[in-house]
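The values are calculated or read from the model by the stated rules, or taken from the named source; none is laboratory data. Fair warning: this is a prediction, and the values are worked out from it, not measured in the lab. Positions of Cβ are backbone-derived with ideal geometry, glycine not excepted, and every protein chain shown enters the neighbour counts. The protein model used for the area step is the full one, side chains on, heavy atoms only, and it has no ligands, DNA or RNA in it. Shrake-Rupley method; radii C 1.70, N 1.55, O 1.52, S 1.80 Å.
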Amino acid sequence: MTVARVAVTVDLVVLTVREQQLSALVWWRDRSPYAESWSLPGGFVQLDEDLPVAAHRLMAERAGLADVRVHLEQLATYGYPDRDPRQRVVSVAYLGLAPDLPASTRAQVMWRPVAELTEKGRIAFDHRRILLDGVERARAKLEYSPLAAAFCPPEFTVAELRRVYEIVWGHPLDPRNFHRKVTGAEGFLVPTGRTTTRDGGRPARLYRRGDAESLHPPMMRPTW
């Protein structure tokens, strides 16, 4: 029996909200294969490291986001035979989410709007599929988990939280209905007792994320 030699990589779908748009971190390729196209930051897994360790290492080395706190979770594994023209490669994708992530320290890595990448951008390998899978995971998780707070600063208003939902889902939401749902979800938001006027108008209450791991009742995406 011949055992196939297969390389293993980690690819990173890192999402944040920048300039009121859902944006992804991408790498500009200047050599073949797929020269002059975007790809997700990533790299090969070393023989002596576990997958989560590789993901965090590549966040620093390839994504250029060393010492930045990012929620990372395994997204999916991609292993069909022709996904890389150079050799047989299996990729384990990780999804990273955080608010107001800074510009990368790597010159080839930058933030681009997800809509621009998926609709018009030239993307290497199968990374468009991986990116779309990551975006859909983020959108779905906003329904039943408090993940939206990962895009917010430590203290935020309900209006700021609503804008995250609107940007990630791509739909406007009714402010009153949204306020009722998020403040009524057990353990989602905790009042800080402070207010802010950074949204303009009257002072708005500040909240922080509670200890809930899931939302009851869930926040359902608009169907229109």
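Given the options Ala66, Ala60, name the one that is without any contact (Cβ under 8 Å) to a residue 40 or more places away in the chain, over 24 Å from Glu119 (Cα atoms) and touching a helix residue (DSSP H, G or I) at 6+ places or on another chain (Cβ under 7 Å).
Going through Ala66, Ala60 in turn, the sole match is Ala66.
Here are the criteria: (1) in contact with a strand residue (DSSP E or B) (Cβ under 7 Å, 6 or more places away or on another chain); (2) on the phi > 0 side of the Ramachandran plot. Tell me which single one Tyr207 does not satisfy.
The single condition Tyr207 does not satisfy is (2).
Report, by residue number, each residue of the range 28-51 that is open to solvent by less than 80 Å² (accessible area, probe 1.4 Å) and in a strand (DSSP E or B).
Of everything in the range 28-51, those that are open to solvent by less than 80 Å² (accessible area, probe 1.4 Å) and in a strand (DSSP E or B) turn out to be Arg29, Ser37, Trp38, Ser39, Gly42, Gly43.
Just checking, does the range 52-66 include any residue being of a type in the set (Asp, Glu), in a helix (DSSP H, G or I) and under 17 Å from the mean Cα position of the chain (by Cα)? Full working, then the answer.
Looking only at the range 52-66, we keep the residues that are of a type in the set (Asp, Glu), and these are 61.
In the following step, the residues that additionally are in a helix (DSSP H, G or I) were identified as 61.
From what's left, under 17 Å from the mean Cα position of the chain (by Cα): none.
No, the conditions are met nowhere in the range 52-66.
Results for (1) part of a loop (DSSP other than H, G, I, E, B); (2) open to solvent by less than 30 Å² (accessible area, probe 1.4 Å); (3) at pLDDT 90 or above; (4) under 20 Å from Pro153 (Cβ atoms), shown as yes or no for each residue.
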{"site": "Leu75", "(1), (2), (3), (4)": "no, yes, yes, no"}
{"site": "Asp82", "(1), (2), (3), (4)": "yes, no, no, no"}
{"site": "Pro85", "(1), (2), (3), (4)": "yes, no, no, no"}
{"site": "Gly96", "(1), (2), (3), (4)": "no, yes, yes, yes"}
{"site": "Leu101", "(1), (2), (3), (4)": "yes, yes, no, yes"}
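Would you confirm whether any residue within the range 139-162 is in a helix (DSSP H, G or I), touching a strand residue (DSSP E or B) at 6+ places or on another chain (Cβ under 8 Å) and farther than 27 Å from Thr192 by Cβ?
No, the range 139-162 has no match at all.
Just need a number here: residues in the range 87-109 that are within 24 Å of Glu19 (Cβ to Cβ) and charged (D, E, K, R).
2
Specify which of the listed residues (Glu160, Glu213, Glu136, Glu143) is in contact (Cβ under 8 Å) with a residue 24 or more places away in the chain, exposed (fewer than 12 other Cβ atoms within 10 Å of the Cβ) and out of contact with any Phe, Trp or Tyr (no Cβ under 8 Å at 6 or more places or on another chain).
Criteria check complete, one pass: Glu213.
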